[in-house]
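No value in this document is a laboratory result; all are computed from the given coordinates. All of these numbers come straight from a predicted model, not from anything done at the bench. Neighbour counts run over all protein chains shown; Cβ positions are idealised from the backbone, glycine included.
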Amino acid sequence: MIKIQQFLNLFFSILFVVLVWSSFSSGTATPNGSTSIPQTIYTCVPELQKYPNRYVLASSVDRGTTYYIIAVNQPDTRPEASLDGAPSLPQEKQYWESVVSLKNGQCKLLVGRNQPPSTLTRFMAKSQAQALELQRIKRYVQVYGRKKLQQGLTQLSEQQSVLARRSSVSSVDALAPETKWAYEQLGFTVPKNIPIVKP
């Protein structure tokens, strides 16, 4: 009887994991528990339909306009992924994001694939940019862990220190002001020498 009960417990545990993962990867469930992608978004980002693992990473509403960060696939957490010369994942498995807005049933693409903006405040109010970025960084904490994210900020600072001694290169990639704000809200230390984009 005990063996049968153990078998049933194991069976239902495996079944639960399979069901959760299948809904997660199909787009019906999302990593941050948000709603599924509104159909209208596919009109301005049709490429999303090629990827089964697509989801709403963050969203925020402001005076009738809803802003979304739509993510595809999962961030690459392989230990070797951050090393120079490391082989990248196949294109269909690579992680990317788009930022869109919806208003009165109309979709507008604000930031497309591989087009990182200097700051989201170019497209929306500061409070909305901060709300989206806070959700994004919270998700990164879940994926990478606080330690790895803090190490990334420290490495940016160290790179900036090295480049500051060279006259040919001005600085490393700058953080958006809403990104700095989100890190600090979550208790991270953002080194003072990391450049911040001017709104």
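Numbers below:
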item	result
Estimated translational D of region 112-161 in µm²/s (Stokes, Kirkwood radius over Cα pairs; 37 °C; 0.692 mPa s)	260 µm²/s
Sites THR40 and VAL162, calculated FRET efficiency, Cβ-Cβ separation with R0 45 Å, nearest 0.05	0.45
Entries of LYS50/LYS180; LYS93/LYS148; LYS148/LYS192; LYS108/LYS192; LYS147/LYS192; LYS103/LYS148 with Cα pairs more than 26 Å apart	LYS50/LYS180; LYS108/LYS192; LYS103/LYS148
